[in-house]
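What follows is a short report on a single structure.
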Amino acid sequence: IDTVVCDVRYSLKEEANQSALAQLTAIDSETSSDMDLIIVSYLITETRGKWHVFFKDLISKVLPGTLLLLIEPNSWQLHQFLELYGDMISYYEWLDSSRETPELQHLQGRIGPAVLMACVK
């Protein structure tokens, strides 16, 4: 498993995120394997709206089919994520307690955290 440190408050183009950008750029080379899964846990909540540019850069850099597993204490952040980047996502699935009641997924209520799996176009 490869990991890199990055600061989601800034664009991938900023100096603070050069190692993350280098890792994503290496995906395009013939010697690197594809990145299959990116896990984000409680990060959107903690950065209080400063994550928008980073995720736009991230989604535009990863290969189609890359999965994003997003876990947040409340669902409103993930609904906002879908509003902002829905046109860059081919499909998504709620994996939390709302999975069994799709008619209630637009509501904020969950038992436990909100969990969303999204596939990049």
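The values are calculated or read from the model by the stated rules, or taken from the named source; none is laboratory data. Computed from a predicted structure; not experimentally measured. Here the Cβ is made from the backbone with ideal geometry for all residues, glycine too, and neighbour counts use every protein chain on show. Surface areas here come from the heavy atoms of the whole protein model, side chains and all, with no ligands, DNA or RNA. Shrake-Rupley method; radii C 1.70, N 1.55, O 1.52, S 1.80 Å.
With respect to Glu72, determine if the residue is surrounded by fewer than 13 Cβ atoms within 10 Å (Cβ to Cβ) and among the acidic types (Asp, Glu). It is false that Glu72 is surrounded by fewer than 13 Cβ atoms within 10 Å (Cβ to Cβ) and among the acidic types (Asp, Glu).
Looking for something under 16 Å from the mean Cα position of the chain (by Cα) and of a type in the set (Lys, Arg) - is there at least one such residue anywhere in the range 99-114? Break it down stepwise before answering.
Step one: of the range 99-114, the residues under 16 Å from the mean Cα position of the chain (by Cα) are 113-114.
Next, from what is left, pick out any that are of a type in the set (Lys, Arg): none.
No, the range 99-114 contains no residue that is under 16 Å from the mean Cα position of the chain (by Cα) and of a type in the set (Lys, Arg).
Looking across the range 36-69 at every residue that is of a type in the set (Asp, Glu) and open to solvent by 40 Å² or more (accessible area, probe 1.4 Å), the one that is nearest to Ser19 (Cα to Cα) is identified as Asp36.
All conditions but one from (1) farther than 15 Å from Val120 by Cα; (2) free of Cβ contacts under 8 Å to residues at least 40 places away in the same chain apply to Leu82; the one that does not is (1). Please specify each residue of the range 80-121 satisfying the condition of being assigned to a helix (DSSP H, G or I), of a type in the set (S, T, N, Q) and open to solvent by less than 40 Å² (accessible area, probe 1.4 Å). Residue satisfying the conditions is Ser98 alone.
So in the range 36-66, with the set limited to residues that are assigned to a loop (DSSP other than H, G, I, E, B) and in contact with a helix residue (DSSP H, G or I) (Cβ under 8 Å, 6 or more places away or on another chain), which one is farthest from Ser90 (Cα to Cα)? My answer is Trp51.
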